[in-house]
Structures are given as C-alpha cells and as structure tokens.
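The values are calculated or read from the model by the stated rules, or taken from the named source; none is laboratory data. Everything quoted here is computed from the prediction, not taken from an experiment. Here the Cβ positions follow ideal geometry from the backbone for every residue, glycine too, while neighbour counts run over all protein chains shown. Remember, those area values only see protein heavy atoms, side chains included, never the ligands or the DNA or RNA. Shrake-Rupley method; radii C 1.70, N 1.55, O 1.52, S 1.80 Å.
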Protein chains: 2
Amino acid sequence: MTRPLTSAERALATLRDLIMGGDLAPGARLGEVELAERLGVSRTPVREALSRLASEGLVELVPNRGARVATWTVAELEGVFDLRSVLEPQLTAHAVPNARPADVDALDDLARRMLAVGTPGPDQDLDALVPLNRAFHDRLVALAAHPTLAAALAAAIHPPIVRRNFLTYDEESLRRSLAHHAEIVAALRAGDPEWARAVMTSHIANARAVMVRAARLQATDPATRTEETA
Amino acid sequence: MTRPLTSAERALATLRDLIMGGDLAPGARLGEVELAERLGVSRTPVREALSRLASEGLVELVPNRGARVATWTVAELEGVFDLRSVLEPQLTAHAVPNARPADVDALDDLARRMLAVGTPGPDQDLDALVPLNRAFHDRLVALAAHPTLAAALAAAIHPPIVRRNFLTYDEESLRRSLAHHAEIVAALRAGDPEWARAVMTSHIANARAVMVRAARLQATDPATRTEETA
DNA sequence: TCCTCGGGGATTGCATGCAAGGTAGGGGTG
DNA sequence: CACCCCTACCTTGCATGCAATCCCCGAGGA
C-alpha cells in the first residue's frame, strides 16, 4: 500500500543514491538539464530535488551558478565524527532497555557474519562488510526508538564519508571495529547501557582515527584526488 | 557586498520567520497560491521554499495534499530536549578555550541584562528576555567554532518551541535559568570546560522541565489548542 | 440514520518558455 | 607580452499553463 512517489521524490532518491554511492564525485557539476534528461523528467522536479539536497548538505548550491556535489575538508570530517561521538553512544544507551532477545540475536548474527567476512584469510570480503555494518547500526538506531536523535545522526552521516570506508581500515583497526560490534551485543545481552555507551564511544573514536588518517593521505596524494573543477 | 537574494531565498526566509515567529500556527495550511500572492512571487519559488522547509522539518508536506506547518507532540518535544542536552553542553565545553576576555565580558553583559529584566519587580519585562537569551546562546555557539555541531543544534531547535518560552517559566525556574547564565560566564572566566558543560546540562534540564509541563498543560486544555484541522 | 457513491471545485505536480545573469574565448590596448 | 574588455553562448531563475489528483458535499440506497 505504498503510494506512488512523485517525480521530484524519485529524482531526490536517485540523486541521493548517486552521490552517496560515489557515482557522482564530490565537486562534480550538477547541470539541471543534464540531470533532467538522465532521469527522464523536466527541470522542475530536478530543481526541487537539488534544493532539498542542498538543505541536507549533500550538494552546494550557488545562485545563478548551479549545483555541485558538496566537498568536505578534513576539519569537516572531524566535525562529523565529533557529532557522531555524542549521538551514537547516546542512541546505543537508549537502545539497551528496548532490546528484546530476538533483537539481540539478530544483531549477534550480523556481528558474527561481519567477523566471518572481515577476518583476514581466504574468506575475507571487505565489500560485504559495508551492508552488514549498515544493517547493524541501523538496527541499533531503530532499537533506540528516538526519532529526533536518529534524524540528527542521519543528517550528519550524509557526506559520502562512510561510503566504502572499510577499504581504508588497517588490519588492527578493523579487528577492533569487529570486536566492538560483538561487545555491543554482549552489553545489550547484559542490559548494561553504560557498557554499551562506552563501547560505541570507542567504536566511533576508532573509526574517526581511521577516516581522518585516510582523508589526510588522500588530501596530500594528488593521484587519488577527485576532480573539483571539472 | 551582499549579493541580491533570489526570490526563492526571500520566500524561504520570510516563511521561516513567519513560522518561527508564530504568525503561522502549527497545523496551519500553507496554500501555494495564497503564499505566492502574499509574497508577491509565483508559485515556483514558493514551492521551492516549502520543499526546503519540509526537509528542515518546519513544515509537513504530503503529496497532492499540500503543506502544513509542522506540529509536534509532547514526545517529540522531549526528543528535541534530549538532543539539546547532548549537543549544547558539548558546544559549551568547546567554547571555553576559545573565549577571549572580550567575549566573556559581552556574555557577562547579556547575563546581567537578562537578570535585570527577568527579576520580578517593576522592571520585569519577559518579552525582552527572548532576544537577550537568543543572543547569549548564539554567542556561545559561535564561540565553540564547531559548524557541524552548531548545524545539528540549529536543525533541532526549529520547532517553534523555544518561541516565547519565558512566558511559561514559573518564578523559581526562571530564577534558576538566569543564574545558569551567570554561572556559565563564571565557568568561562575560570577556563573550566567541565564546569561550563555541567551548568549547561542543568540549564537544558531546567528548560526541559518547564517546556514539557507547559506542553502537557496546553495539550489537555482545549482553550489554548491551536487549530489543527482548519 | 448511516453509509456509499459520484460530481464539481480547488489544488498540487510537472512541463515549457522567456528573461536575467554568468562563463568562456577572442580581440584590442597599455 | 600581459591584461582588460566585450561579445556570444549557455545556464539558471521564475512565470505560466495544463493535466492529474484530492477534497468536499450532496444524493441515493440499505
């Protein structure tokens, strides 16, 4: 019973996916007519979508000069992690009293599967980690049942930062990250919100260190820079 | 050298002010043609403004059914305060090392003026408190120099919740609130971020109690309900 | 009396057209 | 030779028109 989406909504969703999925690199120009043709609609819904993406921070919109995919500096990246490091531990703590055994089992399953595909060896498949990780965090956020905090977090994660992040993890940080997931499950099972909060805080700090290091490398290595003046 | 704003930007700003200022009550219908005439532009920029306000959470937008000013429940109000109670203390702590004597003096001045117009007596002027309070908090947020956290906070405060809140403070809570401002100044002067953080946490908790009580009263008292089905 | 089923009016959703503003490239000048 | 300006093209910003959808309200039947 899902009501039919409007063209503007489809354009919004498609553009968001294109940006978050990395098909449109940061700094890439977003011409209205080009997008309209690509999406098979007129410029009007495209403009509406761009406008909303701009207020979400995914694109930068300059009057009379059009839209570009938003770029981010290392400082902004650190800012996002500052925000995550206050929001996600809080959400995790909220989730604890709401976690029913079935929920914990589902999270446990996700954590185990991440461990399976994330551990170095013949079965390692880092690409498979991304959706699993997303599912884990989404489920945790849903358990918190706190729409306002969740919305603030969703607004923060926007930048295509977390996109394919596991490729940038070094082996030790990755092992830590996987262990955190398992430990969060343990904290949930124990019903200890402070434990869960602490592990999530560590989890974000670990991710922060990895991402900031990767971003610094990318910023100084011209070979990997995405074009910004296309 | 401020470049001329587009019609859509003006519509956006005007609508935002109208909503935040309470001229458009929560639940009020926002017809495109009506707004377009009121603002002297065509429907297109109005649509764009409504679209952006929707993604900011200020209006609710239902396909084919138009826009209404967003309404909020007591639960959502509490959610907003949950968010503020993690963000504002953090921002306040960030502000401490950046506070130069001149900044502290300016905040001190604001706190004193709030005390002057907020203390019961012949000089009490609760309406004057609102802009002073805003200036105080804005200045503090600016000092934190943390755009990401600030943006998340700004997105949260949206609901016209904080609008004319001082009218709902009881005498004791108001006195507490004014004292908090002064104490934050003291913490800044002492250069103690944890002190500042703790006071701000109390400040938000106090405000939360006042606002939730007021909202509960309003929700049960039909006389003060704003029309929602206009 | 209550529920169901249209019909008219109004409103939104989208496409298109036009004008204002911006960008790039070439010629002229110091 | 470098710099500036000017022109032509392109893009965006906005207005308007038309079709699709929804809401309201009244008539008919159970």
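Here are the numbers:
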quantity: Pseudo-label separations to other copies for A:R189 - Cα-to-Cβ vector, 7 Å, nm; calculated: 5.4
quantity: Per-residue mean of C-beta atoms belonging to partner chains within 10 Å, peptide A:41-48; calculated: 2
quantity: Once the Cα gyration tensor of the stretch B:49-93 is diagonalised, semi-axes √(5λ) in Å; calculated: 28, 13, 5
quantity: Cα gyration tensor, chain A - rounded (a/c under 1.5), prolate or oblate; calculated: prolate
quantity: Taking all pairs of distinct alpha-carbon atoms in the stretch A:7-69, Kirkwood radius in angstrom; calculated: 11.2 Å
quantity: Alpha-carbon Debye profile of the stretch B:79-176, log10 I(q)/I(0) at 0.12, 0.13, 0.23 Å⁻¹; calculated: -0.43, -0.51, -1.29
quantity: Nearest-ten-degree value, helix A:7-20 long axis tilted from longest Cα axis of chain A; calculated: 60 degrees
quantity: Relative packing of peptides A:49-58, B:68-77, A:184-193 - highest average C-beta neighbours within 10 Å first; calculated: A:49-58, A:184-193, B:68-77
quantity: Prolate/oblate/rounded label for the protein assembly as shown (Cα gyration tensor, a/c 1.5); calculated: oblate
quantity: Test item: Cα-centred dipole of the protein assembly as shown, Lys/Arg +1 and Asp/Glu -1 on Cβ, debye; calculated: 640 debye
quantity: Shielding by partners, peptide B:144-153 (average Cβ within 10 angstrom, other chains); calculated: 5
quantity: Inter-copy spacing of B:D23 label points, which lie 7 Å from Cα along Cα→Cβ, given in nm from shortest upward; calculated: 4.3
quantity: Folded to 0 to 90 degrees: helix A:147-157 orientation relative to chain A principal axis, Cα; calculated: 60 degrees
quantity: In Hz, Karplus ³J(HN,Hα) per residue of the stretch B:127-134 (6.51, -1.76, 1.60; θ = phi - 60°; x = Gly, Pro); calculated: 5, 6, 5, 4, x, 5, 4, 4
quantity: Mean separation of Cα contacts under 8 Å, 6 or more apart, over the residue count of chain A: relative contact order %; calculated: 26 percent
quantity: Principal-axis tilt of helix A:74-98 within chain A, Cα atoms, nearest 10 degrees; calculated: 50 degrees
quantity: Label 7 Å beyond Cα on the Cβ vector: A:V130 copy-to-copy distances, nm; calculated: 4.8
quantity: Only Lys, Arg (+1) and Asp, Glu (-1) charged, at Cβ; chain A dipole about Cα centre in debye; calculated: 420 debye
quantity: Top positive-direction residue, dipole computed over the stretch A:7-69 with Cβ charges, set A:L24, A:S55, A:A8; calculated: A:S55
quantity: Protein accessible area in chain B, 1.4 Å probe - carbon and sulfur %; calculated: 54 percent
quantity: For the stretch A:182-211 and the stretch B:27-65, distance of Cα centres in Å; calculated: 42 Å
